[in-house]
Amino acid sequence: MNSLRIITRSIPLARRSLSTVTKTTTGLVGLPVHPDPIPALIAANKAVLTRLTEIPADAGYRINAEKVANFRIAKAEESGGDIESVEKAVACGQIEELIVQAEDEMEVVEMYIRERLWEDMRRTETVKVVEEKTVQEGDK
């Protein structure tokens, strides 16, 4: 009878220890498990948002990059520390991959600023408008 009590008492302990196990690998070569990924994800995306302020507010790239960064920050903040809920809500890979994506986005932002690519986009938009007006006038 005593051995039965020991077994039944140890089952809840075993279940508790299994539910708190953290992952030991991402399963992706060269991408280690991050020790504190949610704050890192939030920080990386906030850094992207900060740099994006140097791009004109009406630039399409800035608008879309801000939406992505803000969405990921919101999901991370709403998660209550649950990494799996962040990964499921964002649906773009493991949280370590999301951190790498934010770091990669920062490189794109830097290049976009350095090359002033929004100016090229505005020139292209102006040419399209002029071409459309010319075609419409030719139809009359």
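Remark: pairs (first residue in the range 30-41, surrounded by fewer than 18 Cβ atoms within 10 Å (Cβ to Cβ); second residue not in a loop (DSSP other than H, G, I, E, B); Cβ separation under 6 Å; 6+ apart in sequence or on different chains) = L31/E96.
Looking only at residues in the range 39-97 that are of a type in the set (A, V, I, L, M, F, W, C) and not in a helix (DSSP H, G or I), which one is farthest from L117 (Cα to Cα)? Here the residue is A91. Of all the criteria given as (1) surrounded by 15 or more Cβ atoms within 10 Å (Cβ to Cβ); (2) touching a helix residue (DSSP H, G or I) at 6+ places or on another chain (Cβ under 6 Å), the one not satisfied by E54 is (1).
With respect to I63, determine if the residue is in contact (Cβ under 8 Å) with a residue 60 or more places away in the chain and either more than 25 Å from G27 (Cα to Cα) or under 9 Å from the mean Cα position of the chain (by Cα) (or both). Don't jump to the end; show me each part of the working.
Working: in contact (Cβ under 8 Å) with a residue 60 or more places away in the chain: no; either more than 25 Å from G27 (Cα to Cα) or under 9 Å from the mean Cα position of the chain (by Cα) (or both): yes.
No.
Might you let me know whether the range 20-27 holds any residue that is touching a helix residue (DSSP H, G or I) at 6+ places or on another chain (Cβ under 6 Å) and either at pLDDT 95 or above or in a loop (DSSP other than H, G, I, E, B) (or both)? Yes: the range 20-27 contains one or more residues that are touching a helix residue (DSSP H, G or I) at 6+ places or on another chain (Cβ under 6 Å) and either at pLDDT 95 or above or in a loop (DSSP other than H, G, I, E, B) (or both).
The values are calculated or read from the model by the stated rules, or taken from the named source; none is laboratory data. Predicted, not measured: the structure shown is a model, and the values here were computed from it. No Cβ is skipped: glycine too gets one built from the backbone with ideal geometry, and neighbour counts run over all protein chains shown.
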